[in-house]
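The values are calculated or read from the model by the stated rules, or taken from the named source; none is laboratory data. This one's a predicted model, so the numbers in the text were calculated from it and none came from an experiment. Cβ coordinates were reconstructed from backbone atoms using ideal geometry, including for glycine residues, and neighbour counts include every protein chain displayed.
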């Protein structure tokens, strides 16, 4: 359950940032779906509900998702249901149940940078940008390595249709994935992202470069390299060896899908 001694309720993003800097261990309460699973009693939490960041809209040839928009808000936003084959919505709709998705926020889901995230691989593939209060706008890939204390304000996705495919492998429906992946194919070549290894999603640099250079003729070799260049480990959902073998198969499927 979620337990805390004090709740801080900022009215502006600037105020939220100042509170976060002052209360260094206070978590951001943005849906709180994962915080509720813990047993810790927090000295304080920072409630993001009053920041007016719940919106999903299209503007200036971009899709703009406020940090407090729920996964369900995005799932129901019609333009995203078809954008890039519905990649972003597909990255959401298998997450637990409808009730959970109507509470979990996009900002909380992304800022947590969970290794088991279904959403992050999809956002990487569509080249989403993250807007933070202090650090400004940066690519999703840059944000994955961003360690500064900051407030995630928006997710911005360029409305540019490109072939994208995503996949999340689960033991059963509603379970956490044991491997996730996504791929993008544009004028610069292929980009392969693999997550839940069980680490956070990463770009398979060597495999992507090989596939970009040689195309489908190098598919098997690229799949093998993707299974070797990233770190795979064991946890309660899958063994290291199983993840490696499934990564090869997943890369082959993703490449064939975008090739179509």
With the condition kept exactly as written, say whether any residue in region 130-138 is crowded, with 24+ Cβ neighbours inside 10 Å and under 23 Å from residue 28 (Cα atoms). yes
So, of the residues in region 132-153 that are under 21 Å from residue 184 (Cβ atoms) and part of a strand (DSSP E or B), which turns out to be farthest from the chain's Cα centre (by Cα)? 137
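Anything in region 74-113 that is in contact with a strand residue (DSSP E or B) (Cβ under 8 Å, 6 or more places away or on another chain), assigned to a helix (DSSP H, G or I) and surrounded by fewer than 20 Cβ atoms within 10 Å (Cβ to Cβ)? List them, or say none.
Going through region 74-113, the residues in contact with a strand residue (DSSP E or B) (Cβ under 8 Å, 6 or more places away or on another chain) turn out to be 74, 77, 79-80, 83-85, 87-88, 90-91, 94, 101-108, 110-111.
Within this subset, residues satisfying the condition of being assigned to a helix (DSSP H, G or I) are 74, 79-80, 83-85, 87-88, 90-91, 101, 106-108, 110-111.
Those that are in contact with a strand residue (DSSP E or B) (Cβ under 8 Å, 6 or more places away or on another chain), assigned to a helix (DSSP H, G or I) and surrounded by fewer than 20 Cβ atoms within 10 Å (Cβ to Cβ): 79, 85, 111.
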Mind checking which residues of region 10-32 are surrounded by fewer than 18 Cβ atoms within 10 Å (Cβ to Cβ), in a loop (DSSP other than H, G, I, E, B) and at pLDDT below 90? 23, 24, 25
Go through (1) buried (at least 19 other Cβ atoms within 10 Å of the Cβ); (2) farther than 24 Å from residue 64 by Cβ and name the single condition residue 147 misses. (1)
Is it the case that some residue within region 203-216 is touching a residue at least 40 places away in the same chain (Cβ under 8 Å), touching a helix residue (DSSP H, G or I) at 6+ places or on another chain (Cβ under 7 Å), surrounded by fewer than 15 Cβ atoms within 10 Å (Cβ to Cβ) and under 17 Å from residue 248 (Cα atoms)? yes
Sole miss for residue 158 among (1) within 20 Å of residue 244 (Cβ to Cβ); (2) within 17 Å of the chain's Cα centre (by Cα); (3) surrounded by fewer than 21 Cβ atoms within 10 Å (Cβ to Cβ) is condition (1)
Here the residues within region 157-177 that are part of a strand (DSSP E or B) and touching a helix residue (DSSP H, G or I) at 6+ places or on another chain (Cβ under 9 Å) are 157, 164, 165, 166, 167, 168, 169
Could you figure out which of (1) over 13 Å from the mean Cα position of the chain (by Cα); (2) under 30 Å from residue 241 (Cα atoms); (3) part of a strand (DSSP E or B) isn't true of residue 180? (1)
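Take residue 199 and decide whether it is within 18 Å of residue 113 (Cα to Cα), within 19 Å of the chain's Cα centre (by Cα) and in a strand (DSSP E or B).
Working: within 18 Å of residue 113 (Cα to Cα): yes; within 19 Å of the chain's Cα centre (by Cα): yes; in a strand (DSSP E or B): no.
Judged against the criteria, residue 199 is not a match.
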Considering only residues of region 132-149 that are closer than 22 Å to residue 53 by Cα and touching a helix residue (DSSP H, G or I) at 6+ places or on another chain (Cβ under 7 Å), which is modelled with the lowest pLDDT? 149
